[in-house]
Amino acid sequence: MDDWDPFADPADNAQDEPVQNDVKVAKPWSPPARSAGRPLRVVCLHGTCANAQVTRLQIARAAKLCGDAVEFIYLDGRLAAEEDNPVRAEMSRQFKGQEFYEWARWIKNPDGTSDIVARKYHDLEETLRYMQDLLKEHEPVDGVFGFSQGANMASLLAAQAVAGQGVNFAFVVHVCAAGPGWVEQRPDLFPDKFPMRSLHISGKEDVNPPLPLLKLYEEPRSLIHSDGHKVIPSSGGKEEADLV
């Protein structure tokens, strides 16, 4: 402090400091507060060629374990499933008389297949608008659970939440997701890893890549069960199913 001059004009040194006009600093993401006493509210997103009722059955065991502590909100996709969807025949056999939906149409290769390692979608913006409207309708939302295509969409909703471009929530669960080719479609939503809490589940026998969305999150939790493309394994024994 020996060189401090109490009579100096601060304006004399103004040129030494950079002038910043209208600089907007992005606020760090934080999870929304939850009112004490109410259950966790978790939005559930079904897989391709499925519906809310299918998801309800898929996670029935987990929902029973949660009891009144969690309120699961089961939603339907915006599009009717295509007749040539490769899983439609099996779904129709297991769930007779039901309507099936998709969140978005995946982009197919010339031979009719789709890249499961880098899945991309048609009309992604329209799907995101539809899904954000659903989230707003069901606020407050604490977490999002997604299976298969629903898991893919859940990563986009998480990205929007962290970016402040959609309904905010605290955690996300991805089960049997595909490779995130959609990141290339909306790179603005994926500039950095997400600080959101996340759980990732894959099946050892699943044709989808194992735990493909881990790289999108800062501190993801994960596990791989011994079965295939399922939420809860049916071949690994009760202990493994309870763990999931």
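The values are calculated or read from the model by the stated rules, or taken from the named source; none is laboratory data. Remember, predicted model here, so these are calculated numbers, not experimental data. With ideal geometry, Cβ positions are generated from the backbone for all residues, glycine too; neighbour counts draw on all protein chains shown. The accessibility values were calculated without ligands, DNA or RNA, using every heavy atom of the protein model including side chains. Shrake-Rupley method; radii C 1.70, N 1.55, O 1.52, S 1.80 Å.
Looking at the range 139-244, what strands (runs of 3 or more DSSP E) fall wholly within it and have at least 1 residues that are of a type in the set (Val, Ile, Thr) and within 12 Å of the chain's Cα centre (by Cα)? I'd like the intermediate steps shown before the answer.
Working: elements: 143-147, 171-175, 197-203, 221-225.
Answer list for the range 139-244: 143-147, 171-175.
Right, Leu211: among the hydrophobic types (A, V, I, L, M, F, W, C), surrounded by 15 or more Cβ atoms within 10 Å (Cβ to Cβ) and within 18 Å of Pro28 (Cα to Cα) or not?
Numbers: among the hydrophobic types (A, V, I, L, M, F, W, C): yes; surrounded by 15 or more Cβ atoms within 10 Å (Cβ to Cβ): yes; within 18 Å of Pro28 (Cα to Cα): no.
Considered against the rule, which asks whether it is among the hydrophobic types (A, V, I, L, M, F, W, C), surrounded by 15 or more Cβ atoms within 10 Å (Cβ to Cβ) and within 18 Å of Pro28 (Cα to Cα), Leu211 comes out as no.
Condition first: hydrophobic (A, V, I, L, M, F, W, C), modelled with pLDDT of 95 or more, more than 18 Å from Asp115 (Cβ to Cβ) and in contact with a strand residue (DSSP E or B) (Cβ under 7 Å, 6 or more places away or on another chain). Can you find one or more residues in the range 175-191 that meet it?
Looking through the range 175-191, at least one residue is hydrophobic (A, V, I, L, M, F, W, C), modelled with pLDDT of 95 or more, more than 18 Å from Asp115 (Cβ to Cβ) and in contact with a strand residue (DSSP E or B) (Cβ under 7 Å, 6 or more places away or on another chain).
If we keep just the residues of the range 96-115 that are at pLDDT 90 or above and under 23 Å from Asn208 (Cα atoms), which is nearest to the chain's Cα centre (by Cα)?
Ranking the qualifying residues of the range 96-115, first place goes to Trp103.
Considering each residue of the range 65-103, count those that are open to solvent by less than 60 Å² (accessible area, probe 1.4 Å), of a type outside the set (Val, Ile, Thr), more than 23 Å from Glu126 (Cβ to Cβ) and part of a strand (DSSP E or B), and give that number.
1
Tell me which of these Thr55 doesn't satisfy, since it passes every other one: (1) touching a Cys at 6+ places or on another chain (Cβ under 7 Å); (2) farther than 18 Å from Phe145 by Cβ.
(2)
Please work out which residue is surrounded by the fewest Cβ atoms within 10 Å (Cβ to Cβ), limiting yourself to the range 116-133 and to residues that are more than 21 Å from Ala178 (Cβ to Cβ) and within 15 Å of the chain's Cα centre (by Cα).
Of the range 116-133, the ones more than 21 Å from Ala178 (Cβ to Cβ) are 129, 132-133.
Narrowing further to those that are within 15 Å of the chain's Cα centre (by Cα): 129, 132.
Working: Arg129: 13, Gln132: 16.
Once the filter is applied, the top-ranked residue is Arg129.
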